[in-house]
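Read-outs throughout are calculated quantities, based only on the coordinates presented, and are distinct from any laboratory measurement. Since the model is a prediction, treat every value here as computed from it, not as a measurement. For neighbour counting, all protein chains shown are included, and Cβ atoms are generated from backbone atoms with ideal geometry for every residue, glycine included.
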Amino acid sequence: MQCDCKDTFEARVAEKVKERLPEGFTEYSASLEGYVLTLTNPIQERLTIAYEGDVQVPKKNGGGFKRQKIKTSIQATYCPFCGKPAKAEEEAA
Ligand SMILES: [Zn+2]
């Protein structure tokens, strides 16, 4: 992502959550889910939405069906909070 929204919102949410915790809490650890590191160069953090489910497919040897998992994802093209492009701009040749 080409913006600071993740950090900004994590800080805001943490502040709100901490207000409701009893005093003296320790080992606070939380973050916004859905941000995934890409294997691109440079490595980027992109907002990623999972697409998961299952389907019954016919068995190869005939006779019945077996359950097959569906698991893929899509990456947001723009930040949903500020609208900036999620992907780093290509460097001019
Ligand atoms: Zn943003």
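Looking only at region 1-20, which residues have a backbone nitrogen under 19 Å from a spot 7 Å from the Cα of Lys84 in the C-beta direction?
Within reach of a label on Lys84: 1-13.
Once the piece of chain linking Ala76 and Asp4 is laid out straight, how much longer is it, given 0.36 nm per residue of separation minus the C-alpha distance between them? If you can, show how the numbers build up before the last one.
Values: separation 72, 0.36 × 72 = 25.92 nm, distance 1.53 nm.
Extra length from Ala76 to Asp4 when fully extended: 24.4 nm.
Set Lys and Arg Cβ to +1 and Asp and Glu Cβ to -1, take the dipole of the chain about its Cα centre, and tell me which of Ile70, Leu21, Cys5 lies farthest positive.
Ile70
So, in nm, how far is label Tyr28 from label Phe65 when the simple model puts each one 7 Å beyond its Cα toward the Cβ?
Placing both labels 7 Å along Cα→Cβ, they lie 4.9 nm apart.
Can you list the HN-Hα couplings for region 37-43, worked out from phi with the Karplus curve (6.51, -1.76, 1.60; θ = phi - 60°), rounded to whole Hz and with x for Gly and Pro?
6, 8, 9, 8, 10, x, 5
Around Ile70, under 15 Å between beta carbons, what's the net of Lys plus Arg minus Asp minus Glu among the other residues?
Numbers: positive: Lys66, Arg67, Lys69, Lys71; negative: Glu52, Asp54.
Around Ile70, the charge tally is +2.
Using the Karplus equation 6.51 cos²θ - 1.76 cosθ + 1.60 (θ = phi - 60°), what ³J(HN,Hα) coupling, rounded to whole Hz, does each residue of region 80-88 give in order, writing x for Gly and Pro?
x, 9, 10, x, 6, x, 6, 8, 5
How far is helix 5-19 tilted, in degrees, relative to the longest principal axis of the Cα atoms in the chain, given as a value from 0 to 90 rounded to the nearest 10?
Roughly 70 degrees between the two axes.
Quick check for me: using +1 on Lys/Arg Cβ and -1 on Asp/Glu Cβ, what's the dipole size of the chain about its Cα centre, in debye to the nearest 20? Before the final figure, lay out each step's value.
Details: 14 positive and 14 negative charges, 177 e Å.
Rounded to the nearest 20 debye, it is 840 debye.
Considering only lysines 8 or more places apart in sequence, or on different chains, count the pairs in region 5-75 whose C-alpha atoms sit under 26 Å apart. Walk me through the intermediate numbers first.
Values: Lys6/Lys16; Lys6/Lys18; Lys6/Lys71; Lys59/Lys69; Lys59/Lys71; Lys60/Lys69; Lys60/Lys71.
Taking the Cα cut-off of 26 Å, the pair count is 7.
Could you compute Rg(Cα) / (2.2 N^0.38 Å) for region 5-75, with N its residue count? The partial results should precede the final answer.
Working: Rg = 20.3 Å, N = 71, 2.2 N^0.38 = 11.1 Å.
Dividing the Cα radius of gyration by 2.2 N^0.38 Å gives 1.83.
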